[in-house]
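Comments concern the structure below.
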Amino acid sequence: MRLTRRAALAAPLSAIAAPLAAQGWPAQPIRLIVPFAPGGTTDLIARLIAAPLQERLGQPVVIENRPGAGATLGSQMAAQAAPDGHTLLLSNIASHAISPALYANLRYDALRDFTHIALLTLNPSVIVANPRAGIASMADLARAHRESPRGLDMASSGAGSSNHLLIVRLGQMLGREINHIPFRGAGPAMTAVIAGQVPLMSDSLPSAAAHIRQGSVRAVAMSSAERHPAFPEVATLREQGFDLVTNSWFGLSGPARLPAPVVERLARELREILSLGEIRARFAEFGGAPGALSPAEFTAFVAAELAAWAPLVRESGAQPD
Amino acid sequence: MELLLSNLAHGFGVALSLQNLTFALLGALIGTAIGVLPGIGPVATISLLLPITFGLPATTAIIMLAGIFYGAQYGGSTTSILLNLPGEVSSVVTTLEGYKMARNGRAGAALAIAAIGSFFAGSVATILVAASGPLLTQVALSFGPADYFSLMLLGLIIACVLAQGSVVKAIGMVVLGVALGLVGTDVQTGQQRFTFGIPELSDGIGFVPIAMGMFGIAEIILNLERPEARSVLKSKVGSLWLTRQEWLRATPSVLRGTVVGSFLGILPGGGASLAAFGSYMMERKVSRGRHEFGKGAIEGVAGPEAANNAAAQTSFIPLLTLGIPSNAVMALMVGALIIQGIQPGPRMVEAQPDLFWGLIASMWVGNLMLLVINLPLIGMWVKLLQVPYKFLYPSILVFCCIGVYSLNNNVFDVYMTVLFTVFGYMCNKLRLEPAPMLIGFVLGPMMEEHLRRAMLLSRGDWMVFVQRPISATMLGIAAFALVLMALPNIRKGKDQALAG
């Protein structure tokens, strides 16, 4: 009898325990898992937002790099963490749009196992050419590809990356496969383009921006829907007759079933952080536009991305297992 | 020349400010400490310390991070020599002769020549960075995939040819190393190879678990097996300074190491490890003490140590002149610069003269500091060998575990280390040299990547390897080395057969 009474008393208590926990959130340092190695674009974005986030939440935001397997190792870890808002993930196009189509034995579901909180930034890809290659526009590129007996070579940061998939699509549109030269990361690929070993490259804007500004490579086309404000002189693929829009993206996500107050608080803080002049300026410097989506919109965005990339991954022939 | 001097003077003005000096010293100290702690490398440390640099001015931040980087090169040689524990690729080579020297009671001399050789090479390389960085970059850029492949093929052939003991066993170990290096995601198709569905293997086997397991921890187990070896090491600490004879032998090696290291450091993707291997191979072939290799030849410490430090400095060249990081540490530097709002690239020299020349001047200042820090410490490090083994070994094992775990914050790497420890122990019992395997492990995947890229670009035409002058030269030297080695080996083989 006493036991049941205690249980009866405890039941409503536990029902309000979750919102209470959310009110007390964050009670301890927050772990922000970055599924890539330190120093890359994903890591930079995480560090840029971690500093103001930490200030606003009053708890340290500790970045934990968990690189490996197309960003799936770190993402799997975040999916399995306790949904108390103390473990977050820097989700991105690799972990939540391409890898799910690429890896057959993935141990997480990009939608069901996560709470998607906010889109941080969108970056277009850009086709760049060695300045001595004589390719300034997509028309030049198409002509050179047609006239060359062996077709054109184009470098990318790696097989299965969004930049590689862009090359596959372009080849389909041109009616002739472009010879894809994969590298380990954007840095070595850019070196090869600057050195003239490969005439063209499909790269994400953040890693290419400095080289375009310095004139060591020439921007041929941007993969965004509209011209990029930082590079208004570079025409989009669509403007040049190639109906193709791709963006790589970075967001903040957590494990599934995060308490609603935590999600709301994070989304609100991030919205304010992303509108800070300093953050906007930094994002613009390496070519990204800050994202502005509500948690529900961001979740729908991830679902749309998943659906859009799956067929391209299949067509690219990239197959890890 | 005048312009260079005035630029350098400007740089020293920046580097010698109290704040920058303090942070250079701090970086050098941290670097030395993490170099001495097995397994905790500069990549992990710099990424941990990156947030601290946000509040610092850009130049100061980079000066400190650079100090950590070359401080680690100095510190890394200490554990390699004393404990046979290489924390990084570049210090594997130092274990080969350095640890033997320590066992012969010449630990002090080995540590001293490592520090002095590093300082000399670092100074020369710094001048090189200042004087001809942009020019050297152009040379490095002319290396295409075919040239890289031929260069690495040459490296592997020399590794087989120069191995101690049985050539057949050495070839076997090189091939095994290459095979282990191929584990992971295929660069071209994204296909997983030899991963058995283990996600942690999809990025390949880490270098540190292999090196640490096969060299360091396996050695600890072997030492526990033979108590008499421990007492020998304990009683024979020996003189801390170099003898006249050692100076005479080490000096040319340092000079050669500096040249090899300075050049190989500039190559994108090359860096300190390739430089150390390159110099070691060269010393085995050309130095006066080549007959003592394997028994503790000072040339085998002096050359590679000079080379890896020279390369550590010159690997800044692609970053500073092209904005392209040549290794993981440099990638972190790019990150640190971008967070500071500076885009590394060709324009950096003009846009950020304080940063560019200040960094170069601080490299030299940092090297001098490291020499001053390290020489007096040699006595202390050598005393480390007198620490009772029951205290020393457990603490080494703990530090190894922490270091390996910190690589990817993943316990999987610790298991891999255990696996390779067992394998390393078996290899020792079977008299199989781990060094050729490690060379194969490092060079194999790079070679494959360049070979396939060269093939992709030439649409499968093998002639590309002899049509390119750099590649053709490398292949020519490789063929020559094979022939040269075959001749005395035939003779030696006959001699052994007769004697046996």
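Restricting attention to region B:195-229, which chymotrypsin sites (Phe, Trp or Tyr not before Pro) occupy a DSSP loop and are surrounded by at most 16 other Cβ atoms within 10 Å? Walk me through the intermediate numbers first.
Values: sites: B:Phe196, B:Phe207, B:Phe215; in loops: B:Phe196.
In loop regions of region B:195-229 (DSSP not H, G, I, E or B), the sparsely surrounded chymotrypsin sites (Phe, Trp or Tyr not before Pro) are B:Phe196.
Taking each residue of A:100-111 in turn, how many C-beta atoms of other protein chains fall within 10 Å of its C-beta, and what is the average? Kindly include the intermediate steps, with their values, before the conclusion.
Working: counts 0, 0, 1, 4, 1, 3, 1, 1, 0, 0, 0, 0.
Across A:100-111, the average partner-chain Cβ count within 10 Å equals 1.
What percentages make up the Cα-Cα pair-distance distribution of chain A when the bins are 10 Å wide from 0?
Computed distribution, short to long bins: 6, 26, 31, 20, 10, 4, 2, 1, 0.
Per residue of A:50-60, count partner chain C-beta atoms within 10 Å of its C-beta, then hand back the mean as an integer. Please list the in-between numbers first.
Working: counts 1, 4, 0, 0, 1, 0, 0, 0, 0, 0, 1.
Mean shielding count: 1.
Please list A:Asp109, B:Asp413 from largest to smallest accessible area, probe radius 1.4 Å, with all protein chains kept in place. The partial results should precede the final answer.
Details: A:Asp109 50, B:Asp413 15 Å².
The most accessible residue leads, giving A:Asp109, B:Asp413.
How many Cβ atoms of partner chains, on average, are near each residue of A:194-202 if near means within 10 Å of its Cβ?
Details: counts 6, 10, 3, 10, 5, 0, 0, 0, 0.
That average works out to 4.
Using a simple charge model, +1 on the beta-carbon of Lys and Arg, -1 on the beta-carbon of Asp and Glu, nothing else, what dipole does the protein assembly as shown show about its Cα centre, in debye to the nearest 20? Don't skip to the answer; put the middle values down first.
On the way: 56 positive and 47 negative charges, 383 e Å.
Roughly 1840 debye, rounded to the nearest 20.
Helix A:295-316 against the longest principal axis of chain A: what's the angle in degrees, Cα atoms only, rounded to the nearest 10?
Orientation of helix A:295-316: about 40 degrees from the principal axis.
Out of region B:373-438, which trypsin sites (Lys or Arg not before Pro) are coil in DSSP terms and have no more than 12 other C-beta atoms within 10 Å?
Numbers: sites: B:Lys383, B:Lys390, B:Lys429, B:Arg431; in loops: B:Arg431.
Counting only loop positions with at most 12 other Cβ atoms within 10 Å, the trypsin sites (Lys or Arg not before Pro) in region B:373-438 are B:Arg431.
Below 8 Å, C-alpha to C-alpha, sequence gap of six or more: please give me the relative contact order for region A:124-222 in percent. Working shown, then result.
Details: 175 pairs, mean separation 45.9, N = 99.
Reported relative contact order: 46 percent.
With every protein chain kept in the model, how would you rank B:Trp241, B:Trp462, A:Trp249, B:Trp381 by accessible area, 1.4 Å probe, largest at the top? Spell out each step's value before the answer.
On the way: B:Trp241 115, B:Trp462 160, A:Trp249 0, B:Trp381 35 Å².
So the residues, ranked largest to smallest area, are B:Trp462, B:Trp241, B:Trp381, A:Trp249.
Which residues belonging to region A:127-162 lose at least 10 Å² of 1.4 Å-probe accessible area when the assembly is complete, relative to their chain isolated?
Those are A:Arg150, A:Asp153, A:Ala159, which lose 10 Å² or more relative to the chain on its own.
Which value, in Å² rounded to 10, gives the accessible area of B:Leu368 with a 1.4 Å probe and all protein chains present?
The value for B:Leu368 is about 70 Å².
Enumerate by residue number the trypsin sites (Lys or Arg not before Pro) in region A:81-161 meeting two conditions: DSSP loop (anything except H, G, I, E, B), and at most 13 other Cβ atoms within 10 Å of the site's Cβ. Numbers along the way, then the final one.
Details: sites: A:Arg107, A:Arg112, A:Arg132, A:Arg143, A:Arg146, A:Arg150; in loops: A:Arg107, A:Arg112, A:Arg150.
Qualifying residues, ordered by number: A:Arg107, A:Arg112, A:Arg150.
What Kirkwood Rh does the protein assembly as shown have if only Cα atoms enter the pairwise 1/r average? Answer in Å. Intermediate results must be reported in sequence, preceding the final value.
Values: mean 1/r = 0.0358 Å⁻¹.
After inverting the mean inverse Cα-Cα distance, the result is 27.9 Å.
In square angstrom and rounded to 100, what buried accessible area do you get between chains B and A, total over both, with the probe at 1.4 Å? Could the numbers behind the result be given before it?
Working: alone 20930 and 14720 Å², together 31890 Å².
Protein heavy atoms only, the B-A interface buries about 3800 Å².
Tell me the angle of helix A:186-195 to the major Cα principal axis of chain A, expressed in degrees between 0 and 90 and rounded to the nearest ten.
20
Just to compare against my own numbers: the Cα pair-distance distribution for region A:124-222, 5 Å bins, whole % per bin, please.
2, 15, 28, 29, 18, 6, 1
Report, to the nearest 10°, how far helix A:260-274 tilts away from the longest principal axis of the Cα atoms in chain A, using its own Cα long axis and a range of 0 to 90°.
40
Determine the percent antiparallel among the DSSP beta bridges restricted to region A:124-222, to the nearest 5. Working shown, then result.
On the way: 9 of 15 bridges.
Within region A:124-222, antiparallel bridges account for around 60 percent of the total.
Take chain A, connect every pair of alpha-carbon atoms lying under 10 Å apart with a spring to form a Gaussian network, then pick out the residue of A:Ile49, A:Ile167, A:Ile273 with the largest mean-square fluctuation.
A:Ile49
Can you tell me the length gained on complete extension of the stretch B:Ile477 to B:Ile402, counting 0.36 nm per residue apart and subtracting the Cα distance?
Working: separation 75, 0.36 × 75 = 27.00 nm, distance 4.29 nm.
Taking 0.36 nm per residue and subtracting the Cα distance, the gain is 22.7 nm.
In region A:170-188, which residues give up 20 Å² or more of accessible area once the other protein chains are added, compared with their chain alone (1.4 Å probe)?
Going by heavy-atom accessible area, the residues of region A:170-188 that drop by at least 20 Å² are A:Asn179, A:Ile181, A:Pro182, A:Phe183, A:Arg184, A:Gly187.
The values are calculated or read from the model by the stated rules, or taken from the named source; none is laboratory data. None of the values given here were measured: they were computed from a predicted structure. Reconstructed Cβ throughout: ideal geometry from the backbone, glycine too, with neighbour counts over all protein chains shown. To get the accessible areas, we keep the full protein, side chains included, count just its heavy atoms, and leave off ligands, DNA and RNA. Shrake-Rupley method; radii C 1.70, N 1.55, O 1.52, S 1.80 Å.
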